[in-house]
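The values are calculated or read from the model by the stated rules, or taken from the named source; none is laboratory data. Given the structure is predicted, the values throughout are model-derived calculations rather than measurements. Neighbour counts are summed over all protein chains in view; Cβ atoms, including those assigned to glycine, are modelled from backbone coordinates with ideal geometry.
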Amino acid sequence: MASSNSQAHVEPSAKEIRLVIAASSAGTVFEWYDFFIYGTLAAIIGKTFFPSGNATLEMLLVWAGFAVGFGFRPLGAVLFGFLGDRMGRKYTFLVTVTLMGIATAGVGLIPSADSIGMAAPLIVLFLRILQGLALGGEYGGAAIYVSEHSPPHRRGYFTGYIQSSVVGGFVLSLIVVLGCKLLMSDAVWNEWGWRVPFLLSIALLAISLWMRMKLSESPVFKAMQEEGELAGNPFVESFTYPGNKKRIFIALFGIAAGLTVIWYTAMFAALTFLKGAMRVEDTTAEIIVGIAALIGTVFFVIFGSLSDRIGRKKPIIWGYLLTLLLLFPVFWVIGAHANPGLAAAAAKAPVVVSGQDCTYSPFAPEQKSNCGRILGDLAGTGAAYTLKSSDTLAVTVGGQALPLDTYAWTDKAARGKQLQVWLGEAGYDFTKVKPALGDAAIIIGALILLMVFSGMTYGPVAALLSEMFPARIRYSSMSIPYHIGTGYFGGFLPLIASYIVAKTGNPYAGLWYTWIIVAVAFVVALWGLKGGLPRDFSDDEN
């Protein structure tokens, strides 16, 4: 096959490219804001829509709902990828942003589970499905639209703004939440004020539509239309086009899976780690992560631009390797400075649980065995513990056995309070803390380092994926592996990592999920990505 001349680049004016980047980036910020606001407000969503009397279970159910949205992203990629390759880039991502805005605002209107029972979580899950479908079509459309307007030698730089817009959506969600908290009393916020960030999506939707309506269609798509080169069935052709199966495999396991777990670990896992295991006061944790994320947005543009000069492969490989070497040390630094008192207590008075039938299910409202109940109570406090096998049930704190014969086995609430008292006598303090200014600065620095790794792996990717696939099936071919990778490997990260932590009693154990996925991505990218300077797709590669 000869490479289609529809891929020839038509140089836009400086004004046109600024409008393309601004409108596409703003829409992407707003759409990711809509998606991330759910995760930012995970704790209050759990109490409102998934009440169970078990804080660990509530959080797991919230993250399960978070994962459901991601789980439907690949289906959205198939649906909107088909429309994007058949009907055009512009109108497809107008539809996706509209669907996202309506679904997000809907979450803010759902009555609580106390009012309408099981209907509440079911409606939440339905709206998360709509959000997942919308997001499955959004990223590919925005990334391709900017890429197809960009001059080849600046494609990484211009699409880097789309990549940073994903972080911008997360930062915007934190800013809105913090602003609402500042303007409301705690009582108002907890009663109904938390709904305001969701309802704000209507205003963001209006702004996004206004900006995107000013855009014209992609020059590459218009050229294909004029030449009659549009794909008949983009989904089918994505898997039958010569060499495309291998490209999709590399895009899925070598790019999307790796970059997304780094990003979600740097932001969502870090925020959950600070609020949960480290007992950092919620607003303080949100400010710390928000500052790091805001500073970190620049690295997506920097490494996108760098990839124009040294190639797309090198920054991605470097980012994976540095993550594998430094992921655990970075989180150890965060833990040591987030709550030094708690870290010192865990080192001085480690908790050891021994016994038979010590099985713990984080999804059970109450555990079946007494050992399981102890593990559940410890998970509720966030205290780390070590599990050992023994014929008799025992719990030691700093080598001292707890008097379990006085434990309130049949009263879950009383047990939790009693356990906290015992741990408190051993030096554990479970009150929420605000790290000292110096400690907060170190935490922010550690999170910025994670954002550097994320920028290295994420910044060049929009340009890379656009260049990997033929124009006639580009929307579908890049969206499908990207959203399977980000939807399943990334979207399920908070749920899987939280489950691992709850099962092991080790607040750092969930990081192994990230480490393993990044290790696989490193091997696949090292093998499959082409080195050298960036170049447009050509059938000659087949």
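May I ask you to say which residue of Phe331, Phe239, Phe235 is surrounded by fewer than 24 Cβ atoms within 10 Å (Cβ to Cβ) and under 18 Å from the mean Cα position of the chain (by Cα)?
Phe331
Do we have Met213 as farther than 24 Å from Gly296 by Cβ and surrounded by 15 or more Cβ atoms within 10 Å (Cβ to Cβ) here? I'd like the intermediate steps shown before the answer.
Values: farther than 24 Å from Gly296 by Cβ: yes; surrounded by 15 or more Cβ atoms within 10 Å (Cβ to Cβ): no.
No, not satisfied.
Any idea which of Ala502, Ala441, Ala462, Ala446 is assigned by TED's automatic domain parsing to the domain that holds Ser147, within 24 Å of Trp263 (Cα to Cα) and without any contact (Cβ under 8 Å) to a residue 40 or more places away in the chain? Can you show your working first?
Values: Ala502 fails: without any contact (Cβ under 8 Å) to a residue 40 or more places away in the chain; Ala462 fails: without any contact (Cβ under 8 Å) to a residue 40 or more places away in the chain; Ala446 fails: without any contact (Cβ under 8 Å) to a residue 40 or more places away in the chain.
The unique qualifying residue is Ala441.
Could you check how many residues of the stretch 340-355 are in contact with a strand residue (DSSP E or B) (Cβ under 9 Å, 6 or more places away or on another chain) and either within 14 Å of Val397 (Cα to Cα) or of a type in the set (Phe, Trp, Tyr) (or both)?
Summing the residues that are in contact with a strand residue (DSSP E or B) (Cβ under 9 Å, 6 or more places away or on another chain) and either within 14 Å of Val397 (Cα to Cα) or of a type in the set (Phe, Trp, Tyr) (or both) in the stretch 340-355 gives 7.
Return the residues of the stretch 100-135 that are more than 22 Å from Glu191 (Cβ to Cβ) and crowded, with 21+ Cβ neighbours inside 10 Å; say none if nothing qualifies.
Met100, Gly101, Ala103, Arg128, Gln131, Gly132, Leu133, Ala134, Leu135
Within the stretch 347-389, count every residue that is of a type in the set (S, T, N, Q) and surrounded by 15 or more Cβ atoms within 10 Å (Cβ to Cβ).
Here the count works out to 6.
Give me a count of the residues in the stretch 405-445 that are farther than 18 Å from Gly382 by Cα and surrounded by 15 or more Cβ atoms within 10 Å (Cβ to Cβ).
Residues that pass the stated criteria total 7.
So how many residues does the stretch 275-301 have that are in contact with a Lys or Arg (Cβ under 6 Å, 6 or more places away or on another chain) and either modelled with pLDDT of 90 or more or not assigned by TED's automatic domain parsing to the domain that holds Trp263 (or both)?
3
If Val236 meets every condition in (1) in a helix (DSSP H, G or I); (2) at pLDDT below 90; (3) touching a helix residue (DSSP H, G or I) at 6+ places or on another chain (Cβ under 6 Å) apart from one, which number is that one?
It fails just one condition, (3).
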